[in-house]
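Participant: Quick one: this structure, given as structure tokens, is what I'll be asking you about.
Quick note: the coordinates plus some simple rules give every number you see, no bench work behind them. What you see is a predicted model, and the numbers here were worked out from it, not measured in a lab. Don't worry about glycine lacking a Cβ; one is built from the backbone with ideal geometry, like all the others, and counts go over all protein chains shown.
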């Protein structure tokens with residue numbers, strides 16, 4: 001599964017699940033830091049593609065695979081941020 005296609009599917013899922021509580025204006029203005037390194041992107045899509053290309057990690061695939069809701073997704077991101085060094089060398093990009 002390629003990162004760009006997975007990101008598109010992820011964005012469609014977000015729209016279908018009704019993420020109205022997110023403020024799109026603020027989200028567009030914030031930079032996104034990679035979960036594993038100091039790379040900073042201007043948007044989430046670029047950050048997701050970077051994670052897949054540079055770290056073999058596809059968070060969109062994991063979200064879909066495990067059918068994560070908003071809270072579970074946030075917990076996954078927080079877990080990864082706390083334990084990023086443990087994932088070094090593993091491949092999660094399918």
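Participant: Could you sort 52-58, 41-47 so that the peptide with the highest average Cβ count within 10 Å comes first and the rest follow in order?
Facilitator: Answer by packing, highest mean first, reads 52-58, 41-47.
Participant: Moving to a separate point now. Among 51, 34, 86, what is the fewest-to-most ranking by other Cβ atoms within 10 Å?
Facilitator: 86, 34, 51
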